[in-house]
Amino acid sequence: MTKFIADIDVMPMKALLDPQGKAVTGSMKNLNLSEIENVRIGKHITLEISAADEAAANAKVDEACKKLLCNQIMEFYEFKLTAVK
């Protein structure tokens, strides 16, 4: 078994309104940071997984994202696996 670290980013779909991002974008103007626009806010998840190989780890992380970590109606996800040495 090999241990992997998965870094997962879950973000709201681009076609949907992001109320948190919209509020932060508005606040940027109030802080004299008007050059910053179109802020989108999501979540970053890190987890450790033990698997026989990278393909098995990839499949398990993908399953966890689909079943629990991401609401696929409103969000999309991407992740990167790194083997722990």
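Computed from the coordinates by the stated procedures, all read-outs in this text should not be read as laboratory data. Please read all numbers here as calculations on a predicted model, not as lab measurements. Neighbour counts run over all protein chains shown; Cβ positions are idealised from the backbone, glycine included.
To the nearest 10 degrees, how steeply does helix 54-64 sit against the main Cα axis of the chain, on a 0 to 90 scale?
50 degrees
Given a cut-off of 20 Å, what percent of all Cα-Cα pairs of region 24-85 lie beyond it?
Roughly 48 percent, rounded to a whole number.
Given an 8 Å cut-off on Cα distances and at least 6 residues of separation, report the relative contact order of the chain as a percent.
Answer for the chain is 53 percent.
Ignoring everything except DSSP H segments at least 4 long, calculate the 222 nm mean residue ellipticity for the chain; use -39,500 (n - 2.57) per segment, divide by total residues, nearest 500.
That calculation yields -8500 deg cm²/dmol at 222 nm.
Among the lysines, which fall within straight-line cross-link reach of K80, defined as a Cα-Cα distance under 22 Å, with same-chain neighbours fewer than 8 residues apart omitted?
Cross-link targets: K3, K14, K43, K60, K66, K67.
Apply 1/(1 + (r/R0)^6) to the Cβ-Cβ distance of E63 and S27, taking R0 = 41 Å, and write down the FRET efficiency to the nearest 0.05.
Computed FRET efficiency for E63 and S27: 0.65.
Can you list residues from other chains, or at least 5 along the same chain, whose modelled amide H is less than 5 Å from the amide H of F76?
Counting only residues 5 or more places away or on other chains, the set is M11, M13.
Does anyone have the angle between helix 19-30 and the longest principal axis of the chain? Alpha-carbon axes, 0 to 90°, nearest 10?
Approximately 50 degrees, to the nearest 10.
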